Amino acid sequence: MAQVLIYLSDDVRRLRDVPTGVLDPTSSIRWTCMSIIVVRETLQALEVRDAAEDVINCLAEVRGERYGSNADKAAKTAVTIDEYLKTCWNSADSLHRELIRDADSDTAEDRLRNIVRKHKREIATLDDTWNAFGWAEEADKSMAKLTQTLREATGSVLLYLPGTVLTWGQESRHVPEDVTQSTLTYFMPQFIPPRLLIQRLWLCAWALRNIFTTGWGTSVYTPKKLADLSAPELSVPTMRKLMDETEAPMETQLWRLQDLRAGGLFYTLELFIAAMKSSHKAASRDSSRELYEGTFRVITRKWEEYQHSIWTEKLLVDLLERVLPTENDPSSDQVPDYIVGLFLTFLSDVLAKKTGPHVQDAVLLIKAYFRGLGDSGGVARDVLLKKLEPPGHSL
């Protein structure tokens, strides 16, 4: 089935590219829904679950602790990596904004020297973080193996779904001889090798110091323009959204790994929501409703048998923020109301009788959504009154 879908993908891409209204997009929607269902089934493969577990084990083993579960040790590692990753990202982003700034009145060499003097702290932070982060190499290798396993197990259908697999651009900057270069071609925003990303962020600091020390035009690497010193990831919208809007990206990534190890229910649901957002106009049509509703039900059926835990619940609450419309969302980036209703019902079933900050976050999000609907928010009312809120509470 995966091979047939890939064979049809060129025709589907042409359907997506034609002007709106020229062709009925039903074929494209059907292809997308069938692809997601195929992914949902193939994620049950043992090799996918094992690859996800290998990453979790690698994250656990680097701590060198003898006692405690691998899940707890991996969670501690994720917190540590988040500290490194966020610090590195913010420092590199500060340099990036300076490097891309329009400053025609200055020569590149003068600007570079001013940047190095002004941003000593950020450069030192990137150096220190990279020097302290060698222990994550095995975790990176296991993450790369996981993404390869996902592509192979799904027959590479993932490559054709919107925003699922991105091209990890080849490193154009000079890399020191004692630094191992990665040969990864693709990366998945949900499963990023943290050491590789930190390396690419750090290379900016290394190049700045090298050019500053040896002089413009005489160092081992001189860029055509200063912006070329920045990591390409800083200019990728998907990466910026992930790093800027996710408080703890590696902790969230660990939850996704645990979800994959259990069968990938959430991962498939996330692909489905992303696909709907990328084709909002088509998804809003009545002719599309049956296809999308059916696909949602296929993804979530027998969810009670799924080995969900608190990490599943937290992922679903995180996804809820992307499902519910907000005042700042453009209409082209909203999920159709009929899917919002299905998602709220499903979420309430999963969170029923559960407690914790994430449940309260879900209640607050749904309340805000309900207030915006007025009297038409029947589904939200049922969700809040019957399942999520404790007895004695009311809207």
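Every number in this text was worked out from the coordinates using simple rules, so none of it is lab data. Small disclaimer: the values here were computed from a predicted structure and weren't measured. Glycine also receives a Cβ, built like all others from the backbone with ideal geometry; neighbour counts cover every protein chain displayed.
Applying the Karplus relation 6.51 cos²θ - 1.76 cosθ + 1.60 with θ = phi - 60° to segment 149-163 yields 3J(HN,Hα) values of 4, 4, 5, 5, 5, 8, x, 6, 4, 4, 5, 9, 8, x, x Hz, where x marks Gly and Pro. Once the Cα-Cα distance is subtracted from the 0.36 nm per residue extended length, the Asp128 to Leu364 segment shows a gain of 80.9 nm. Step through the table entries Lys76/Lys145; Lys145/Lys241; Lys73/Lys302, compare each Cα-Cα distance with 27 Å, and write down the pairs that go over it. With Cα atoms farther than 27 Å apart: Lys73/Lys302.
Footprinting exposure proxy ranking of Ile192, Ile37, fewest other C-beta atoms within 10 angstrom first, gives Ile37, Ile192.
What the Cβ-Cβ distance of Thr238 and Arg66 gives, at R0 = 41 Å and to the nearest 0.05, is a FRET efficiency of 0.55. Residues in segment 339-346 carry Karplus couplings, in order, of 7, 4, x, 4, 5, 4, 5, 4 Hz; the curve used is 6.51 cos²θ - 1.76 cosθ + 1.60 with θ = phi - 60°, and Gly or Pro positions show x.
Of the residues Trp216, Trp206, the one with the fewest other Cβ atoms within 10 Å heads the list, and the complete ranking is Trp216, Trp206. Look at Asp140, Asp382, Asp318 and count the other Cβ atoms within 10 Å of each Cβ; fewest to most, that gives Asp382, Asp318, Asp140. The calculated FRET efficiency for Val175 paired with Glu321, based on their beta-carbon distance and R0 = 51 Å, is about 0.85. Loop-located trypsin sites (Lys or Arg not before Pro) in segment 143-238 (DSSP state not H, G, I, E or B) with no more than 16 neighbouring Cβ atoms inside 10 Å: Arg173, Lys224, Lys225.
FRET efficiency for the Ser219 to Thr167 pair, using the beta carbon distance and R₀ = 30 Å, is estimated at 0.60.
Evaluating 6.51 cos²θ - 1.76 cosθ + 1.60 at θ = phi - 60° for every residue in segment 32-43, the Karplus couplings come out as 4, 5, 5, 5, 5, 5, 4, 4, 4, 6, 6, 5 Hz, glycine and proline recorded as x. Listed by chain and number, the lysines whose C-alpha is less than 25 Å from the C-alpha of Lys224, apart from same-chain residues fewer than 8 away, are Lys118, Lys120.
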